[in-house]
Every structure is written in C-alpha cells, then in structure tokens.
Amino acid sequence: MKYKLTITDENGNEHLYNVSRSSSDEPNNLNDFILEALSISEDKRELPFMIQCPNGLEVYPSIKLKFENYGSSLLGDKLEAIHVTWRD
C-alpha cells in the first residue's frame, strides 16, 4: 500500500511525498519508520524526540548517510543505508 503525504511548509508551499511499507522479505526502511511515527497520536508527536545513548545520555538524533566501505558521495561511493545516530 502506498500513502501520499502532502506537507505544507511555513511559506505555504506544498510538497508531495510517497511513502510505502517495505515487503516482509525486505529490511525495514525509513518509510516504515515514518509510517510507524505517524501512527502515534498527534498530541504525543508534540513530545520531544530523543535517542538514548549506551551511557544513558539522551540527545536529539541525527540522520546520517552510510556509504559503501564508509566512503563518501564525493568519491562516488554507493549509498548503502541511512543511520540514525546520537552524533551531529
């Protein structure tokens, strides 16, 4: 099933996003996470969004791109995954 999300920014511009669940034989992806987050009631989505580090520190998460062999897009390396991390 595919969901179409329309988001209006602060300038009134509308942005259309297609979000669909991964199949059961695929690893979960960012679309799965977005749909899971949207299933949380609207009032609870207003709460701070934090990630807990192994040492107990709570911070706002950052999204990082993971390239093949820990390379970079500048080197033309293939994008492998998206990581949610505690580092900026």
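Nothing in this text is a laboratory measurement; each read-out follows from the coordinates by a stated rule. For clarity, every value in this text was computed on a predicted model and none was experimentally measured. Glycine also receives a Cβ, built like all others from the backbone with ideal geometry; neighbour counts cover every protein chain displayed.
Within the range 20-34, the residues that satisfy the criterion of being under 10 Å from the mean Cα position of the chain (by Cα) and either hydrophobic (A, V, I, L, M, F, W, C) or more than 13 Å from Y3 (Cα to Cα) (or both) are N29, L30, F33, I34. The residues of the range 47-68 that are exposed (fewer than 10 other Cβ atoms within 10 Å of the Cβ) and either under 23 Å from P27 (Cα atoms) or small (G, A, S) (or both), listed by number, are G56, I63.
Could you pull out the residue among Y70, Y17 that is among the hydroxyl-bearing types (S, T, Y) and over 22 Å from W86 (Cβ atoms)?
Values: Y70 fails: over 22 Å from W86 (Cβ atoms).
Within the list Y70, Y17, the selection yields Y17.
Quick check, is I40 without any contact (Cβ under 8 Å) to a residue 12 or more places away in the chain, hydrophobic (A, V, I, L, M, F, W, C), in a loop (DSSP other than H, G, I, E, B) and on the phi < 0 side of the Ramachandran plot? So I40 fits the description; yes. For the range 24-68, taking the residues that are basic (K, R) and touching a strand residue (DSSP E or B) at 6+ places or on another chain (Cβ under 6 Å), the one that is farthest from L79 (Cα to Cα) is identified as K64.
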